[in-house]
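**Student:** Please find one structure pasted underneath; my questions will follow.
Read the figures in this text as sums done on the coordinates, not as results from a lab. The model shown is predicted, which means the values in this text are computed figures rather than measured ones. Cβ placement follows ideal geometry from the backbone for every residue including glycine, while neighbour counts extend to all protein chains displayed.
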Amino acid sequence: MCNLFSQTKSQDAMRHLFDDVLEGDEALEDTIGNLPPLNGIWPDYSAPIIKAKNGAGWQLSMARWGMPTPAKFLEGKRTDPGVTNIRNVSSPHWRRWLGVEHRCLVPFTSFSELDQRPGAARNSPVWFALDQDRPLAFFAGLHTEWTSVRKLKEGEVTANLFGFLTCPANAEVRPVHPKAMPVILTRPEDWRTWLTAPTEDALDLQRPLPDGMLKIVAEGVREDAT
């Protein structure tokens with residue numbers, strides 16, 4: 001389960017990458033302000049997402065990583081730290097957020113999985129990217145606004161939240177983390193499908209990245225600083 005990723009490219013790079021998705025009068029509104037490189041994004045950290053804008057077009061904004069937890073897992077607990085990875089989209093809990101108004105793209109340059117290879121150090125991250133230069137790509141994400149207690153010291157807050165879908169691991173990820181990997185979208189046509197298509201068509205994208213498209217770019221570090 002991916003609980004750590006990085007996004008080190010500029011907002012300008014994100015905007016230009018998204019240009020291939022825009023049609024007609026569509027535009028990408030940037031509401032973030034100045035965004036530094038995010039070398040290590042952990043659960044409940046804020047990170048950029050691209051989502052539908054009220055009215056028309058798209059918006060680059062910030063959200064906290066971790067969608068609302070299903071109620072059955074919150075019994076007896078005082079906080080809801082959120083769910084970062086979403087696999088079972090047939091669950092009623094997740095189905096409410098599968099429409100286009102709740103889908104988003106999560107920009108990333110690398111992501112990590114804890115190393116489960118024989119002899120690996122416990123809790124040692126292995127970082128994956130499309131290549132050593134860490135080009136931008138997107139996770140297929142969901143987002144919502146939600147009121148909850150994320151941290152006791154913070155109290156009840158209303159926050160924009162996101163998580164992303166997972167799928168079976170491909171050949172590169174499987175030896176490190178056999179169970180799953182994030183749903184990664186690398187083509188503009190897939191970005192647009194995820195953001196605009198009917199749910200059934202969009203969910204066809206919940207599949208592993210083809211074998212050979214990922215590289216291990218770092219090991220044993222808590223941040224991917226490159």
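**Student:** Within 10 Å, at most 15 other Cβ atoms, and a DSSP state outside H, G, I, E, B define an exposed site. Report the longest part of the chain free of exposed GluC sites (Glu not before Pro). Mind dumping the intermediate values first?
**Tutor:** On the way: sites that count: Glu23, Glu26, Glu75, Glu154.
No qualifying site falls inside 76-153, the longest such stretch.
**Student:** May I pose another question? Using modelled backbone amide H atoms (1.01 Å from N, in-plane), which distant-in-sequence or interchain residues come within less than 5 Å of Glu219's amide H?
**Tutor:** Hits under the 5 Å cutoff: Trp127.
**Student:** Could you point to the residue in Gly212, Ala13, Ser91 farthest towards the positive end of the chain's charge dipole, with +1 and -1 charges on the Cβ of Lys/Arg and Asp/Glu respectively?
**Tutor:** Ser91
**Student:** Taking H placed 1.01 Å from N in the peptide plane, check which residues at least 5 places from Arg174 or on another chain put their amide H under 5 Å from its amide H.
**Tutor:** Excluding prolines and chain starts, which carry no amide H, there are no hits.
**Student:** Let me see the pair-distance distribution of region 5-219: every alpha carbon pair, 5 Å bin width, integer percents in order.
**Tutor:** 1, 7, 15, 19, 20, 18, 12, 6, 2, 0, 0
**Student:** At 222 nm, what value in deg cm²/dmol follows for the chain if DSSP H runs of at least 4 each add -39500 (n - 2.57) and the sum is divided by all its residues, to the nearest 500?
**Tutor:** Rounded to the nearest 500, it is -2500 deg cm²/dmol.
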